Amino acid sequence: MREEPFSWWAHAHARTDAAALAAFRILFGLLVATSALRFLAFGWVDRFFVAPRFFFPYWGFGWVAPLPAPWIHGAFVVLALSGIALALGLFYRAAAFTTFVVFTYVELLDVTNYLNHYYLVTLLSLLMCFLPLGRAYSLDARRTPALAVTTLPRWVSWLLRFQVGVVYVFAALAKATEDWLVHAQPMQIWLASRTDTPIIGPLLDRLEIAHAMGWAGFLYDLTIPLWLSWRRTRPFAYGVLLLFHLGTQMLFEIGMFPAIMTTAALVFFSPSWPRRLGRALGLRPAAAPPDEPGHARWTSARRASAMALAAWCVVQVLVPLRAHAYGGNVLWHEQGMRWSWRVMCREKNGSVVYRVRADGWAHERFVPPTRYLTDHQAREMSTQPDLILALARHIADVQRARGFAHVEVRVDAFASLNGRPMARLIDPDVDLASVAPSLAPASWILPAPEGPPIRLTRRTIAAVD
Amino acid sequence: MKLRIIPAWRALVRRPVHSLVAPRWALAVVAGLSGASGGCVVVSTTRSAPPGSDVDAGAPLDAGGRAVGADATRRVLGALGSGVILPAVRDFDAAAAALTSAVEAHAASRSDADLRAAQDAWVVAMERWQGLEMMQIGPAAMAGTAAAPGAVGGRDLRDQIDAWPLVNRCRIDQETVSRDFEDEDAFAAETVNVRGLGAMEYLLFAPNASNGCGASAEINASGAWAALGEDGVRTQRARYALTLARLVQRSAVTLRTAWEPSGEDWAGQLARAGEGASAFSSAQEALNAVSDAMFYLDTEVKDMKVAGPAALGDACAASSCPDLLESRWAGRSREHIAANLVAFERLFLGDAPERDAPGFDDLLVSVGAPDTASRMAEAIAAARRAAEALPRIDGSSLETHLAAFAALYDLLRTVSELMKTEVVTVLDLDLPESAATDND
């Protein structure tokens, strides 16, 4: 056992007011509960987990199977309850673990439901399983006073800041493309259809507005962690953040994303911000506990923990970067697209028809994805090559189960990216039934079309004569 | 990712508000400063709107007198509502009334002449309905379920009029025996697979007095069907058809009332989309409702009406499946497909090809995608011509015309591919049922 080796080690283990982290726990738990209740209230559990007859598994997670109704509804009830328990700080570790397991389970059921902010919830809930956020302002602390603390190590905040910062920075890097920065696409496509928006609507189909909003979004994502980290700019930065997410919520239906990010960004604030907010609201919160210097010993256990955290951070950086290992345009081939925080960076629509041949058939049969999928699944899979492959293999399995020994499945898959003329996404000559799913670069995905995206002009219709 | 307009707060939008907040001179200043103004706008070729359209009233225009932005979309919607959909609804209502009269006469006399007249009236009504199949917007559209969100204003009227492919011959025969149809109001609550124009086709065109149930079915095992005798079967079918005609007419009246300016004015609601006095919270949402309806071409026409019976898909294991033809008894499958395509073309172009009216093509041209517009128009016209050139199809002749079906299928695929990729991307439309969830 040695004294702490580095000054940052001591700084990281210095204990600061737990109020901010407790507030984060409470708000995060409420968001999880709200998300689960939305799924139940809007009928999304039926739509996404009961109605489909085929589910797209994540690579390596084909063993995750959907619960039948009403058990799948029960899973969302459990998720809502675990979110509430998390907020209350009641059986905190169990609540965090349940949140992580159940949320991750429902996310793993079908790739077509993937959303970046759901992935963020999974990561944060996993982190919370190991972070001591239930020891302050919680029912656990009230039930077991020995657990109660008023301060928590600074590294806990640092870790959460890193996690949230990763989202923003990689979301910015995903926008560092010619389409986004030079051609203002797909921003122009989105804005041009929103000219009914109050006050600013008539301006939204202007190219210069699309450019301005595209660059603003890029610079915002790239720099907001910095402005939030600096005490002097933090209040203004958070104000901008609120405006940004309010604006995106008004313009685009992105569900819980703005709420999650405005909550997550609070981890950049000082440890005592809830007390200051309370005072500003005329309440009388207790005085903040004084910071305590770190006395963490450089034990083997702590060394292992530090290494695990470092590994976590490295993984969080490497996973989004893996997309670049594939070369080409990731927005087209989508290899490495998921878990890389490519938030709102493409407008892509596809058309898929499978061509199936089996022994004894006189000709190829054309099979639309909707024969096996819900409309939602068909729409999502039509632009994602690995999902097109997965359904091709499923179709082959179905035909083999019907007694056809030799089955070939090819596909006519077209897509339009950011308004470009449609182009083939998949090599139509490749028998996808013989292609094994893999993380390796896929030679059966055709290169992205050359040339710039569409440059829209204003919607106009001539007057009546 | 797919993004969609938030509907709830949009009801607050009023055109005069943003006209005041962002007047034309302000837009001109912004445009002038940026150098990206109307100078690069591709002008729509459309010069006229249909009679009765009031979509220009109060709409801010650009220097060339053109409606811009959401108002341009509303102008297209207004033209489609009052120039395409409302006339089609009126025509169908008139045809449904004529059908009821003809079936009444047939039920009263059961003469061969009156049967032929009833059949002719059904042919007219069904062909007009086939146009409206492509226009399931508002009350004709799906009401929605827990697992599938409904359309704006959806009331399932479509299924009340024609629930194809949900037509169950054996169930219709069972109803023929039970005579439940004699209580017209109660029968309106029966399942849709024994009602509507599809069931009427069987009742009016079935060539003989056999039934579609197995020997173990109650109507055969008990001898109830046999007890009717051939004349009894024809009598009951005529009466049953009369009940169905009246129920279809009720729905036709409801549909027409919904679209008439003196009623719920759905045509006007399209024209005013996003302006408060409309069920649609934005012009884009209304445009999306029209686009959703047009996807009938992809799912029902391409995959079910064409690929299904011709064994081009995997729904039919044999070399052909006449049972999957839409019009098995009247032999009108070809005419129905052609009518579907004519309606699709009118929605896309704003009117018949020989006339000029605002449509999706004009929107595409105006935003800088004239190539997409022209390729779509050409592809639709080619598919329509191929459908019109199909030989008359019935169960016995299908096998000899599979090549023509395959050719039509290829043409429909081209339309579908363009619609699903370039059209929806450039106009930022959602594919059906893909909108009502979170995105990022």
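The values are calculated or read from the model by the stated rules, or taken from the named source; none is laboratory data. Not measured: the values here are computed from a predicted model. Every residue, glycine as well, gets a Cβ built from its backbone with ideal geometry; the counts of neighbours run over all protein chains shown.
Scanning segment A:194-253 for residues that are of a type in the set (D, E), within 7 Å of chain B (Cβ to nearest Cβ) and in contact (Cβ under 8 Å) with a residue 12 or more places away in the chain yields one hit, A:D205. Starting from segment B:191-215, take each residue that is closer than 16 Å to B:Q174 by Cα and list its partners that are polar (S, T, N, Q) and in a loop (DSSP other than H, G, I, E, B), counting only C-beta distances under 6 angstrom and pairs at least six apart or across chains. Final answer for the pair search is B:N193/B:N168. Within segment B:111-121, identify whether any single residue is crowded, with 23+ Cβ neighbours inside 10 Å and part of a helix (DSSP H, G or I), and answer yes or no. So far as segment B:111-121 goes, yes, one or more of its residues are crowded, with 23+ Cβ neighbours inside 10 Å and part of a helix (DSSP H, G or I). If the condition is being within 14 Å of another protein chain (Cβ to nearest Cβ) and in contact (Cβ under 8 Å) with a residue 60 or more places away in the chain, then segment A:112-150 contributes A:T112, A:N113, A:Y114, A:L115, A:N116, A:H117, A:Y119, A:L120, A:V121. Restricting attention to segment B:225-266, the residues being surrounded by 17 or more Cβ atoms within 10 Å (Cβ to Cβ) and more than 22 Å from B:W122 (Cβ to Cβ) number 8. Taken together, A:I426, A:I461, A:I395, A:I454 contain a single residue that is more than 13 Å from chain B (Cβ to nearest Cβ), surrounded by 19 or more Cβ atoms within 10 Å (Cβ to Cβ) and not basic (K, R), which is A:I426.
The test for being assigned by TED's automatic domain parsing to the domain that holds B:D91, touching a Lys or Arg at 6+ places or on another chain (Cβ under 7 Å) and touching a residue at least 12 places away in the same chain (Cβ under 8 Å) does not hold for B:A267. Tell me, please, whether a residue that is among the basic types (K, R) and part of a helix (DSSP H, G or I) can be found in segment B:271-284. Within segment B:271-284, none of the residues are among the basic types (K, R) and part of a helix (DSSP H, G or I).
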